Amino acid sequence: MSSPNKSGFPRSACRLDRLLANLGYGSRREIEILARNGRIRLDGAVLREIGRVALTPDFSARLTVDGEALDPLPGMVLMMHKPPGVTCSHKEAGPLVYRLLPERWRRRDPALSTVGRLDKETSGLLLLTDDGAILHKIISPRRKVAKIYRALLACDLGGEEADLFASGAMMLEGEDKPLRPAGFEILGAREARVTLNEGRYHQVRRMFAAVGNHVVALHRETLGGLTLDENLAPGAFRLLDALEIEAIFAAPAISD
Ligand code: URA
């Protein structure tokens with residue numbers, strides 16, 4: 001399929017049966033049958049000749065399948081409240097974040113992928129997108145999109161964390177490059193907020209392990225200028241609009 005423009009609509013026209021197949025509605029043959037059975041409508045009128053429809057930018061708003069609005073077009077970004085206990089993976093064993101999405105969305109091409117990963121037991125703000133360019137822009141180390149985590153700890157804070165985390169000289173076990181400076185805010189004797197400009201494997205957990213502590217619960221609150229909706233229940237998700245996607249890149253990074 002051609003790449004989406006800013007509105008998420010394919011730049012060049014493509015056949016409706018191919019678009020619906022890429023959105024997961026079935027094979028092109030199955031979609032032909034859907035149309036023949038009168039289950040696809042444009043402006044309320046049954047559309048049987050799906051192969052010959054010219055696509056226009058307002059098209060998706062006018063189309064229904066089985067009386068339901070068409071799924072979001074390619075180019076979508078989702079905010080999900082990731083619950084603990086699910087893995088950011090397409091194929092690992094056990095509960096996966098993709099299982100929280102509608103079944104049809106799991107058959108989309110291009111596929112939805114998580115923007116980076118959160119550990120299985122980490123909760124909070126997780127983005128998913130089918131737009132590779134947006135995904136790479138967010139995770140690119142050059143962009144330094146800041147991520148804020150709230151950590152609940154097994155032991156009292158020792159007092160050295162703020163300086164060490166901000167130093168730009170902290171080394172994690174098994175690594176040969178120091179961590180970038182990280183922000184640190186005390187929220188309680190055993191609770192703190194950590195701001196990262198990078199995303200190394202299990203980074204927050206390993207930072208606290210390096211000072212003899214243990215993270216009991218970890219929650220991501222923000223990603224760049226985007227904060228997890230307060231009313232988004234664990235496991236729930238919603239589409240981001242273009243302004244919210246821009247906001248991801250608007251927040252200042254911590255300087256190195
Ligand atoms: N740091 C961690 O340790 N885990 C995450 O999921 C994210 C950051």
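Of note:
- Only residues that are aliphatic (A, V, I, L, M), away from the ligand (no atom under 14 Å from the Cβ) and in a loop (DSSP other than H, G, I, E, B) were counted across the stretch 95-118, and they come to 3.
- Residue 38 vs. criteria part of a loop (DSSP other than H, G, I, E, B) and loosely packed, with under 13 Cβ neighbours inside 10 Å: yes
- The single condition among (1) more than 16 Å from the ligand (Cβ to nearest atom); (2) under 21 Å from residue 138 (Cα atoms) that residue 169 does not satisfy is (2).
- Residue 124 vs. criteria within 16 Å of the ligand (Cβ to nearest atom), touching a residue at least 24 places away in the same chain (Cβ under 8 Å) and touching a Gly at 6+ places or on another chain (Cβ under 8 Å): no
- All conditions but one from (1) farther than 16 Å from residue 139 by Cα; (2) modelled with pLDDT under 95; (3) away from the ligand (no atom under 16 Å from the Cβ) apply to residue 239; the one that does not is (2).
- Filtered residues of the stretch 204-214 (kept if in a loop (DSSP other than H, G, I, E, B) and either within 8 Å of the ligand (Cβ to nearest atom) or surrounded by fewer than 18 Cβ atoms within 10 Å (Cβ to Cβ) (or both)): 211, 212, 214
- Residues in the stretch 172-203 that are in contact (Cβ under 8 Å) with a residue 60 or more places away in the chain and within 12 Å of the ligand (Cβ to nearest atom) were compared, and the one that is surrounded by the most Cβ atoms within 10 Å (Cβ to Cβ) is 182.
- Flag for residue 92 being acidic (Asp, Glu), in a helix (DSSP H, G or I) and over 22 Å from residue 245 (Cβ atoms): no
- Qualifying residues in the stretch 67-109 (those that are loosely packed, with under 13 Cβ neighbours inside 10 Å and of a type in the set (Lys, Arg)) - the one farthest from residue 39 (Cα to Cα): 91
- Search result, residues across the stretch 215-234 that are part of a loop (DSSP other than H, G, I, E, B) and surrounded by 14 or more Cβ atoms within 10 Å (Cβ to Cβ): 224, 225, 228, 232, 234
- Condition check for residue 112: at pLDDT 95 or above and surrounded by 13 or more Cβ atoms within 10 Å (Cβ to Cβ): yes
- The set of residues from the stretch 169-185 being modelled with pLDDT of 95 or more and either touching a Leu at 6+ places or on another chain (Cβ under 6 Å) or on the phi > 0 side of the Ramachandran plot (or both) comprises 170, 182.
The values are calculated or read from the model by the stated rules, or taken from the named source; none is laboratory data. Keep in mind that what you see is a predicted model, and the values were worked out from it rather than measured. In this analysis, Cβ positions are derived from the backbone assuming ideal geometry, glycine residues included, and neighbour counts consider all displayed protein chains.
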